Amino acid sequence: MALSNKMYTKKGLFFPTVGIATLIAFIFMSFGGDFSVNNVFKQQQKYSFVEVVGHQFMLDGNPFYINGWNSYWLMDHAVDAKPRVKQMLDVGSKMGLTVCRTWAFNDGSYHALQVKPGVFDEQTFQALDYVIAEARRNGVRLILSLVNNLHAYGGKTQYVQWAWQEGSGISSSNDSFFFDPTIQTYFKHYVKTVLTRKNTITGIEYRDDPIILAWELINEPRCTSDPSGDTLQEWIKEMSGFIKAIDEKHLVTVGLEGFYDSKSAKSGVNPSTFEAALGTDFIRNSELPTIDFASFHMYPDKWVEDNLDEKLEFVKKWMSSHIEDGEKQLKKPVVLSEFGLSSHTKDFEPSHRDKLIKVVYEITYKSAKKNSAGAGSLIWQFLVKGMEDYNDDFGVIPWEMQSIYDLIVAQSCRLTRLGGPSDVKSKGSLRDLCRQSQSL
């Protein structure tokens, strides 16, 4: 509303000025004389760390369940497209989603966080600061992945190239990422820099910020040069221990696809015999004491060449097997941290995604209801408008698809009945959401 001309006279301006000055003085005294954006931000946002007790996540003494999603692109877009990040986290929160998994890496490529070993781009780091700050504003916890096994955004390939270019690499194989001492030094320096980063918006070091749910060591690790699994196992042990030495507060997970190796009694659960020789094993990799919870992925249309009904049967078997592992063998929570259905699959229909989500949500809910190890799931992946180039044929804009939106909200409300977040902001938002949808 436009200001009246009277507001610009000396007499008319006096009272608004006094009011503003009084407000500033009140805020200044309320924060002990430290009137800074960082301090105000910290005072306004109160969160506790999610912990693991047995095979369950706990938050302030209550069970914590994950109904979440993947938007790997948040940091990249926060560099020069912040409105997309803000919209994604805001709408995710309004759907009752509790966790978002995203990349905390970008090595040597466009908008690189790590330009070269030990050299960081401050603009991109501030973009990651923004992602974390917006997550805090919306009550959405983050799983931050630290490196990619794949080529996208640099990944282990970039680390190997750096070592090779500097003349210190001992092998040009991508798998040397897991055993080359020089590369391990690169990666440890990167990890320490990220964990000890002081957020320029909130003023909180990453390792002290409970809005970060967990650190994920690597997205979908494979070490095909050593199918015995020993090389990858030693790397997981080394790096998870390194993180714990710096940050005792946050949870750590590996980032596995969930395959069983050839020596496992469960190798027959794999989609085919191929996966047993990838140098990874779900149980062995997850049972280390420095790994707090197990995670796995699931892409039935890529892994199983059957009709939809048979793919959904595989989904039930795959999920049940890993939840059982968490409860009976690992004694840890288990999260399905990626699942989706490609629109490029033969005879694909949007309703097929609905059916997949419904099956996943039902298994997750039943596990939570009986206090089993299934702690939640995260859809791959959510986008906002104008991101067609980022759609890998799994992407959806959920608030534009009523059936998916309804499934998400219903799951958020069902899990809230069983425990849900104890944060005042998150709990209040979920209560309002579920009241509106008449689901709670």
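The values are calculated or read from the model by the stated rules, or taken from the named source; none is laboratory data. On a predicted model such as this, the values are computed, not experimentally measured, just so you know. Note: ideal-geometry Cβ built from the backbone for every residue, glycine included; neighbour counts use all protein chains shown. We work out accessible area using only protein heavy atoms, side chains counted, and drop any ligands, DNA or RNA first. Shrake-Rupley method; radii C 1.70, N 1.55, O 1.52, S 1.80 Å.
Counting just the residues of the stretch 148-163 that are on the phi < 0 side of the Ramachandran plot and part of a loop (DSSP other than H, G, I, E, B), which one comes out most open to solvent (accessible area, probe 1.4 Å)?
It comes out as His151.
Take Leu430 and decide whether it is closer than 30 Å to Asp76 by Cβ, modelled with pLDDT of 95 or more and in a helix (DSSP H, G or I).
On the way: closer than 30 Å to Asp76 by Cβ: yes; modelled with pLDDT of 95 or more: no; in a helix (DSSP H, G or I): yes.
Considered against the rule, which asks whether it is closer than 30 Å to Asp76 by Cβ, modelled with pLDDT of 95 or more and in a helix (DSSP H, G or I), Leu430 comes out as no.
Kindly indicate whether Ser176 is surrounded by fewer than 17 Cβ atoms within 10 Å (Cβ to Cβ) and farther than 18 Å from His111 by Cβ. Give the steps one after another, and end with the answer.
Details: surrounded by fewer than 17 Cβ atoms within 10 Å (Cβ to Cβ): no; farther than 18 Å from His111 by Cβ: yes.
Taking the combined requirement at face value, the residue does not satisfy it.
Being polar (S, T, N, Q) and touching a strand residue (DSSP E or B) at 6+ places or on another chain (Cβ under 8 Å) is the filter here, so list the residues in the stretch 244-275 that pass it.
First, the residues of the stretch 244-275 that are polar (S, T, N, Q): 253, 262, 264, 267, 270, 272-273.
Result: Thr253, single match.
I'm checking my understanding of the structure. Among residues of the stretch 210-226 that are polar (S, T, N, Q) and part of a loop (DSSP other than H, G, I, E, B), which one is farthest from the chain's Cα centre (by Cα)? Walk me through it before giving the result.
Our first condition is that a residue be polar (S, T, N, Q); within the stretch 210-226, this holds for 219, 224-225.
Remaining after also requiring part of a loop (DSSP other than H, G, I, E, B): 224-225.
Numbers: Thr224: 26, Ser225: 28 Å.
In this case the residue turns out to be Ser225.
Where residues in the stretch 105-124 are buried (at least 16 other Cβ atoms within 10 Å of the Cβ) and of a type in the set (Gly, Ala, Ser), which of them is nearest to the chain's Cα centre (by Cα)?
Going through the qualifying residues, I end up with Ala112.
Exactly one of these conditions fails for Val53: (1) open to solvent by 10 Å² or more (accessible area, probe 1.4 Å); (2) over 30 Å from Lys328 (Cα atoms); (3) modelled with pLDDT of 95 or more. Give me its number.
(2)
Is it true that some residue in the stretch 125-136 is within 18 Å of Val79 (Cα to Cα), free of Cβ contacts under 8 Å to residues at least 12 places away in the same chain and surrounded by fewer than 20 Cβ atoms within 10 Å (Cβ to Cβ)?
no
Is it the case, given these coordinates, that Arg207 is modelled with pLDDT of 95 or more, open to solvent by 30 Å² or more (accessible area, probe 1.4 Å) and assigned to a loop (DSSP other than H, G, I, E, B)? Even if it seems obvious, please write down each step before you answer.
Values: modelled with pLDDT of 95 or more: yes; open to solvent by 30 Å² or more (accessible area, probe 1.4 Å): yes; assigned to a loop (DSSP other than H, G, I, E, B): no.
The answer is no for Arg207.
Hey, can you tell me all the residues within the stretch 313-360 that are assigned to a loop (DSSP other than H, G, I, E, B) and closer than 24 Å to Asp281 by Cβ?
Step one: of the stretch 313-360, the residues assigned to a loop (DSSP other than H, G, I, E, B) are 331-333, 340-349.
Passing the criteria: Lys331, Lys332, Pro333, Gly340.
Looking at the stretch 241-291, which of its residues are outside any loop (DSSP other than H, G, I, E, B) and more than 22 Å from the chain's Cα centre (by Cα)?
Keep residues of the stretch 241-291 that are outside any loop (DSSP other than H, G, I, E, B), which gives 241-246, 251-253, 267-269, 274-277, 282-286.
The answer is Ser267, Gly268, Val269, Phe274, Glu275, Ala276, Ala277, Arg284.
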